[in-house]
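The values are calculated or read from the model by the stated rules, or taken from the named source; none is laboratory data. Worth saying up front: this structure is predicted, and the values here are computed from it rather than measured. With ideal geometry, Cβ positions are generated from the backbone for all residues, glycine too; neighbour counts draw on all protein chains shown.
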């Protein structure tokens, strides 16, 4: 099922033997657009501490009870390796967490990342103790400006996550202050596949589509409205853009 991240934030997190806090943030991979970790704020339980939880430990959200269950015990979470909030999460930190919880390592299928761990003692190779440049906070990116091929179109308002695999399926873009030719503006969904690059220094996302495509995209209101019919309309707009692009390409 698809969920707006804003609806997931502040859900109470229940371990096997009790409450551990609430959902504070999500860390995602900006190459694959998959959620690597949920960030749990432990509130008064572990005062001042936030912990990372792998989607492998998380059950489907229960909005009726306003909670998210994890298949871990409070003692496990309390004794887990500490992650500093003031420093980027490094591959070494992630490996420590994976080893501690026996989580399957996302890098186990990536030969390049395997090599990084194998060669970590070589001072001439990449230092895996440094922050992972592809691990990003949804809270951070949610305020980024968004630019189409021919100009600004809005700001990131939220994300749509699929709880079957915790992948980011869409970004929710608020166009209301930017699309002046569109009365009132609207919220639209943009697929990560339509993103050309993310510039973290300027806090901006650059799309590979034009303003006309964004204008034609159906308005987004609720996650429950994202069905096959809605997605077909969405991708029809993208296909129309590709056709326009091909027509203007010199032969």
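All of 94, 67 fail the test of being under 30 Å from residue 3 (Cα atoms), assigned by TED's automatic domain parsing to the domain that holds residue 14 and modelled with pLDDT of 80 or more, apart from 67. Yes or no: residue 29 assigned by TED's automatic domain parsing to the domain that holds residue 96, closer than 14 Å to residue 166 by Cα, in contact with a strand residue (DSSP E or B) (Cβ under 7 Å, 6 or more places away or on another chain) and surrounded by fewer than 19 Cβ atoms within 10 Å (Cβ to Cβ)? Taking the combined requirement at face value, the residue satisfies it. When we screen 17, 7 for residues that are in contact with a helix residue (DSSP H, G or I) (Cβ under 8 Å, 6 or more places away or on another chain), surrounded by fewer than 21 Cβ atoms within 10 Å (Cβ to Cβ), under 28 Å from residue 195 (Cα atoms) and in contact (Cβ under 8 Å) with a residue 40 or more places away in the chain, the only hit is 7.
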